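Asks: Provided herewith is a single structure, encoded as structure tokens, for subsequent inquiry.
The values are calculated or read from the model by the stated rules, or taken from the named source; none is laboratory data. A quick note: this is a predicted structure, and the numbers were derived from the prediction, not measured. Cβ placement follows ideal geometry from the backbone for every residue including glycine, while neighbour counts extend to all protein chains displayed.
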Amino acid sequence: MRRPARGILTALAILSIMLGVVSTATAAGLPNGTYEVTAKGSQWSLTFNNGKYSVSKDGHKGVEGKYAITGNTITMTDTGGPMAQTGAHATGTYHWTFAAGKLTFSVIKDDGGRMQILTAAPFQKKG
């Protein structure tokens, strides 16, 4: 009689661990790091770090900003840099997916120029 109870406890422990891993991966959201793409004849780098992002074009910093994620939706707001969008164009919202080291964006709402780069091709994660 002790064996079945022990088996059930073991199964519950394994299930709890598995659910914890899935929960952690989902809660993690967009992985921090640098992503690159070649678009419009230039090399673009996009770095995400705990709510802040930066964009470089051909090695030169162009934009800094902050972002918020809800599920697979990212809202990006430029806060500075020589290529930063301003006013009503400063914020854009996108659907994102990350799989096999590739980050892909599709526009939900953005009146600024960043859409041309973000949606040109998947970004490849560095490192």
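Asks: Within the stretch 107-116, work out how many residues are surrounded by fewer than 16 Cβ atoms within 10 Å (Cβ to Cβ) and in contact with a Phe, Trp or Tyr (Cβ under 9 Å, 6 or more places away or on another chain).
Replies: Result for the stretch 107-116: 3.
Asks: Please find, within the stretch 70-106, the residue that is modelled with the lowest pLDDT out of those that are exposed (fewer than 14 other Cβ atoms within 10 Å of the Cβ) and among the hydrophobic types (A, V, I, L, M, F, W, C).
Replies: Among residues in the stretch 70-106 that are exposed (fewer than 14 other Cβ atoms within 10 Å of the Cβ) and among the hydrophobic types (A, V, I, L, M, F, W, C), the one modelled with the lowest pLDDT is A88.
Asks: Taking the stretch 71-113 only, how many residues are under 15 Å from F48 (Cβ atoms) and under 15 Å from the mean Cα position of the chain (by Cα)?
Replies: 16
Asks: Tell me, which residue of the stretch 109-125 that is farther than 12 Å from V37 by Cβ and of a type outside the set (D, E) is modelled with the highest pLDDT?
Replies: It comes out as K109.
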